[in-house]
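Colleague: To start, I am sharing the structure in question, which I have written as structure tokens.
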Amino acid sequence: MAKKPTWVVDKERGKRAAAAETLWLFGLHAVRDALANPAREIRRLVVSRNAADKLSDSIAGRGIAPEIVDPRKFPVPLDPGSVHQGAAVEVKPLDWGDWRALARGDGAGRSVIVLLDRVSDPHNVGAILRSAEVFGANAVIAPARHSAPETGALAKTASGALERMPYARVGNLGDAMEALKSDGFWMVGLAEEGAEEIDVIAKRHAEGHVALVMGAEGPGLRDRTRALCDELAKIPFARDFGSLNVSNAAAVALYALTRG
């Protein structure tokens, strides 16, 4: 078998490296919101004729030339079973900048943020971003490792919130918590063994900055994360047995913390 020329090998290696720096968002909502986000760097837009018609205003507004393809032979590297609706866009991950500035907001009022301790399921993180946007949180912050990365599945579950709700990644969550505490944030961890119900704690801190700290389903909060929380809160259940997944629990807690 003939050996590939060096220039061919280098070109293929370059393509693989470039692909590793991008991701594919899919589905009509996710693609439409990516096109509408001027901060989102777009590399390719692949759509069926039907999807192109549905996204015509967004495509025209972005001024990008789409690749029209047969939806039965959709030429995009998506996971099997991904419901793409005939639309996908290759993008660069968003750069949200200074995560501490994001957490503080404009400084004009109270800030509520969400900290995720190794929540790795993209569907849960996408749903949390959606709830964070609905309830007015300033940012969702997670460690760069062992957490859900920005993916098409996450974006689809977030239903557009990924383009608007900052999802910042930090090197070490514990160090970030200490920095936020020095910025005036009160750390409220959510755990079944919490001493008080979330609405009681929410009323007590109705005017101060609050960080809602959520652990992964199963493991919950890690030891250092738990130790850095100022207090632990619980969600009351109507019956003796019951549980919520992390995204539903985040929605309930955010409602309590932001309803005023």
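The values are calculated or read from the model by the stated rules, or taken from the named source; none is laboratory data. Treat the numbers as computed from the prediction; the structure is a model and nothing was measured. For neighbour counting, all protein chains shown are included, and Cβ atoms are generated from backbone atoms with ideal geometry for every residue, glycine included. Surface accessibility is based on the protein's heavy atoms, side chains included, excluding ligands, DNA and RNA. Shrake-Rupley method; radii C 1.70, N 1.55, O 1.52, S 1.80 Å.
Colleague: Please list, by residue number, every one of the GluC sites (Glu not before Pro) in the stretch 106-201 that is coil in DSSP and has at most 15 other beta-carbon atoms within 10 Å.
Modeller: On the way: sites: Glu133, Glu150, Glu163, Glu178, Glu192, Glu193, Glu196, Glu197; in loops: Glu150, Glu192, Glu193.
Of the GluC sites (Glu not before Pro), the ones in loops of the stretch 106-201 whose Cβ has at most 15 other Cβ atoms within 10 Å are Glu192, Glu193.
Colleague: Return, ordered by residue number, the residues of the stretch 173-189 whose backbone nitrogen is under 15 Å from a label point located 7 Å along Cα→Cβ of Glu196.
Modeller: What the label zone holds, given the 15 Å backbone N cut-off, is 186-189.
Colleague: If each Cα of the stretch 190-260 is one equal point scatterer, what is log10 of I(q)/I(0) from the Debye formula at q = 0.13 Å⁻¹?
Modeller: These q points yield log10 I(q)/I(0) values of -0.35.
Colleague: Just the C-alpha atoms of the stretch 76-137: what Rg/Rh do they give, with Rh taken as the Kirkwood radius? All intermediate terms of the calculation are to be shown ahead of the outcome.
Modeller: On the way: Rg = 15.5 Å, Rh = 14.7 Å.
When Rh is taken as the Kirkwood radius, the ratio is 1.05.
Colleague: A follow-up question, please. What would the Debye formula give as log10 I(q)/I(0) at q = 0.17 Å⁻¹ for the alpha-carbon point model of the stretch 16-135, no solvent?
Modeller: At q = 0.17 Å⁻¹ the computed log10 ratios are -0.99.
Colleague: Let me ask something else. What stretch of the chain, leaving out the sites themselves, is the longest with no chymotrypsin sites (Phe, Trp or Tyr not before Pro) in a DSSP loop having at most 12 other Cβ atoms within 10 Å?
Modeller: On the way: sites that count: Phe237, Phe241.
The longest uninterrupted stretch comes out as 1-236.
Colleague: How are the Cα pair distances of the stretch 25-70 distributed, in percent, across 10 Å bins from 0?
Modeller: 29, 65, 6
Colleague: How big is the Rg/Rh ratio for the stretch 46-101, C-alpha atoms only, Rh by Kirkwood, two decimals? Write down the numbers at each step before the final one.
Modeller: Details: Rg = 14.3 Å, Rh = 13.0 Å.
Using Cα coordinates only, the ratio equals 1.10.
Colleague: Under 16 Å from a point placed 7 Å out from the Cα of Ser182 along the Cα-to-Cβ direction: which residues of the stretch 125-162 have their backbone N that close?
Modeller: Within reach of a label on Ser182: no residues.
Colleague: Specify the inter-centroid distance of the stretch 98-130 and the stretch 28-79, based on alpha-carbon positions, in whole Å.
Modeller: Cα centroid of the stretch 98-130 versus Cα centroid of the stretch 28-79: 28 Å apart.
Colleague: Shape call for the stretch 112-260 from the C-alpha gyration tensor, a ≥ b ≥ c root eigenvalues: rounded (a/c under 1.5), prolate (a/b greater than b/c) or oblate? Show your work: numbers first, answer last.
Modeller: Values: a/c = 1.34, a/b = 1.19, b/c = 1.12.
Because its axes are fairly even, with a/c under 1.5, the stretch 112-260 counts as rounded.
Colleague: Another question, then. When the Cα centres of the stretch 138-210 and the stretch 212-260 are compared, how far apart do they sit, in Å?
Modeller: Centre-to-centre distance over Cα atoms comes out at 11 Å.
Colleague: If you don't mind, another one. Assuming 0.36 nm per residue, please report the length gained on full extension of the stretch Val252 to Ala60 beyond their Cα-Cα distance.
Modeller: Working: separation 192, 0.36 × 192 = 69.12 nm, distance 3.88 nm.
My answer for the length gained is 65.2 nm.
Colleague: Please identify, among Asn245, Asn138, Asn124, the residue showing maximal mean-square fluctuation in a Gaussian network model of the chain using a 10 angstrom Cα cutoff.
Modeller: Fluctuation is largest for Asn245.
Colleague: Taking all protein chains together and a probe of 1.4 Å, list His209, His123 from the most accessible to the least accessible. Present the calculation step by step, with values, prior to reporting the outcome.
Modeller: Working: His209 55, His123 105 Å².
Largest accessible area first, the list is His123, His209.
Colleague: Related question: Using a Gaussian network for the chain with springs between C-alpha atoms less than 10 Å apart, which of these wobbles most: Pro122, Pro71, Pro143?
Modeller: Comparing Pro122, Pro71, Pro143 in the GNM, the peak value goes to Pro71.
Colleague: Then there's this: Compute a Gaussian network model of the chain, connecting alpha carbons closer than 10 Å, and tell me which residue from Leu244, Leu162, Leu180 fluctuates the most.
Modeller: Maximum among the listed residues: Leu244.
Colleague: Consider all pairwise Cα distances in the stretch 125-166 and report the whole-number % of them above 12 Å. Mind showing how you got there, number by number?
Modeller: Values: 453 of 861 pairs.
For the stretch 125-166, the fraction of Cα-Cα distances above 12 Å is 53 percent.
Colleague: Subtracting the Cα-Cα distance from 0.36 nm times the residue separation, let me have the gained length for Asn172 to Asp98 in nm, one decimal. Don't skip to the answer; put the middle values down first.
Modeller: Working: separation 74, 0.36 × 74 = 26.64 nm, distance 1.48 nm.
Length gained, Asn172 through Asp98: 25.2 nm.
Colleague: State, in angstrom, two size descriptors of the chain derived from its alpha carbons: Rg to one decimal place and Dmax to the nearest whole number.
Modeller: 20.8, 73
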